[in-house]
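The values are calculated or read from the model by the stated rules, or taken from the named source; none is laboratory data. Fair warning: this is a prediction, and the values are worked out from it, not measured in the lab. Virtual Cβ from ideal backbone geometry, glycine too; neighbours counted across all protein chains shown. These area figures cover heavy atoms from the full protein model, side chains too; ligands, DNA and RNA do not enter into them. Shrake-Rupley method; radii C 1.70, N 1.55, O 1.52, S 1.80 Å.
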Amino acid sequence: MSPVDLVRHVKLSTARLPLAVPISDAKVFTGRQKPMTEVVFLFAEITTEQGHSGLGFSYSKRAGGPAQYAHAKEVAQGLIGEDPNDIGKIYAKLLWAGASVGRSGVATQALAAVDIALYDLKAKRAGLPLAKLLGSYRDSVRTYNTSGGFLNATLDEVKARATQSIEEGIGGIKIKVGLPDSKEDLRRVAGVREHIGWDVPLMVDANQQWDRATALRMGRQLEEFNLIWIEEPLDAYDFEGHAHLAQVLDTPIATGEMLASVAEHKGLINANGCDIIQPDAPRVGGITQFLRLATLADERGLGLAPHFAMEVHLHLAAAYPAEPWVEHFDWLDPLFEERLETKDGRMIVPDRPGLGVTLSGQARAWTTESVEFGA
């Protein structure tokens, strides 16, 4: 057996995950987007000469999935023959192979699937959950549910889902706001707060749909509900506006999920634009990039609440020094054979090596295209 185990085979595939019910947040009600009916995934499966393997994924909502897959196909050949332990080296190699179209957005989101797969492989070879490989601070993370709080659901439906989530061991409830009628937003928040009581953590998310004046006015009216945070009250790139809200409101400001690079997150952090930062590893380019910006966030004393993709973010949140949150979404359940456990308001880091997930037969059935490199 060779002392150096090299990448022998790479498989890329794209799959479309249909949503049972079309999903609407404030961007739909303000006319900026149509309801979401599916999520498109890019999967990377990497195998070494000695038979070790890793799985990673990236995703896109509404548009961009085919572009991620196309970009990954153009650069993935560069993985063959590389030492999979050299994750930083491989990331830089593939990044510069496609640098003509930039070093953020689709270009790096395509690399995220590969980067995550390499970390999964490394942790599996070590026989450790990814959180343990990275150096975890905790074996479970506070968790909150988002998927039951969208604006396409009636208030009664949101309440029922909140009850179900709490019974399933999920600790907090997040609901969407940002409707053209602010009074309706306040009615829904008041209704949920009364329903779940004052001891259950509650968050709201405006999905970037307020202007500065509305955000300030709504922020002041929302203070009475003792929220854990107000999420994306302004356009994601309005760092100064978010910084002003973070300074004048008692309720913490959370944002960052739509930023597509470490450089963009640095702009947010340097502007003091949030109290809680919400990076998305697939969106910023994978775990290599996520760890860079997590270090910057920790230096500023920011809270952490990664966006979506709990199968990856649970491990990354467990390795963040300050007590974080992880977002619970059940949308991805059909893609994987395993389920993440929630208990007493926390999500448990699985003891399985790597990410601790494997692709399901359903994920294979939803695959629309795939390509392979290497032997």
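Among the trypsin sites (Lys or Arg not before Pro) in the range 249-343, those located in a DSSP loop and surrounded by at most 14 other Cβ atoms within 10 Å of their own Cβ are 300, 339. Ignoring ligands, DNA and RNA, what accessible area per residue does the range 174-228 give at 1.4 Å, in Å²? Accessible area per residue, the range 174-228: 45 Å². When the C-alpha to C-alpha distance is required to be over 23 Å, the pairs from 61/176; 124/266; 11/89 that qualify are 124/266. I need the shape label for the range 1-91. Rule: rounded when a/c is under 1.5, else prolate if a/b > b/c, else oblate, with a, b, c from the alpha carbon gyration tensor. Prolate. Span-like helix criteria (full DSSP H runs; alpha carbon extent of at least 20 Å along the helix axis; mean Kyte-Doolittle hydropathy of at least 0.0) are satisfied in the chain by 106-126. Along the charge dipole of the range 131-189, Cβ charges K/R +1 and D/E -1, which of 169, 153, 133 sits furthest on the positive end? So the residue we want is 133.
Here the accessible area of the chain is 49 percent carbon and sulfur, with a 1.4 angstrom probe and all protein chains present. Mean silhouette area of the range 54-98, derived from the convex hull of its C-alpha atoms and averaged over all directions, reads 3.6 nm².
Normalised by 2.2 N^0.38 Å, where N counts its residues, the alpha-carbon radius of gyration of the range 138-185 equals 1.30.
Sorted largest first by accessible area at a 1.4 angstrom probe radius, with every protein chain in place, the residues 14, 30 fall in the order 30, 14.
Ligands, DNA and RNA are left out, and with a 1.4 angstrom probe the accessible area of the range 309-368 is 37 Å² per residue.
If you roll a 1.4 Å probe over the heavy atoms of the protein chains, what accessible area per residue do you get for the range 1-155, in Å²? Let's see the in-between values first.
Numbers: 6130 Å² over 155 residues.
For the range 1-155, the solvent-accessible area averages 40 Å² per residue.
Going by accessible surface with a 1.4 Å probe and the largest first, 269, 80 read 80, 269. Here the dipole of the range 310-375 is about 80 debye; that uses its Cα centre as origin and unit charges on the Cβ of Lys and Arg (positive) and Asp and Glu (negative).
What is the calculated FRET efficiency for residue 360 to residue 213, with r their C-beta to C-beta distance and R₀ = 51 Å, to the nearest 0.05? Given R0 = 51 Å and the Cβ-Cβ separation, E is 0.60. Placing pseudo-labels 7 Å out from each Cα toward the beta carbon at residue 62 and residue 295 gives an inter-label distance of 3.4 nm.
Mean silhouette area of the range 252-375, derived from the convex hull of its C-alpha atoms and averaged over all directions, reads 9.5 nm². On full extension, the segment bounded by residue 330 and residue 34 gains 104.4 nm, given 0.36 nm per residue less the C-alpha separation.
Dipole size in debye (nearest 20) for the chain around its Cα centre, Lys and Arg Cβ +1, Asp and Glu Cβ -1? Don't skip to the answer; put the middle values down first.
Values: 38 positive and 49 negative charges, 109 e Å.
Magnitude of the dipole: close to 520 debye.
In this calculation the C-beta distance from residue 138 to residue 49 is compared with R0 = 41 Å, giving a FRET efficiency of 0.70.
Taking only the Cα atoms of the range 1-155, the ratio Rg/Rh comes out at 1.05, with Rh defined as the Kirkwood radius.
With a 1.4 Å probe and all protein chains in place, put 351, 235 in order of accessible area, largest first. Working shown, then result.
On the way: 351 135, 235 75 Å².
Largest accessible area first, the residues go 351, 235.
Highest mean first, the peptides 330-337, 116-123 sorted by other C-beta atoms within 10 Å per residue fall in the order 116-123, 330-337.
Candidates 78, 118, 23 compared by Cα position along the dipole of the range 1-139: farthest toward the positive end lies 23, with charges placed on Cβ. Remark on the chain: Rg and Dmax equal 20.2, 68 Å (Cα only).
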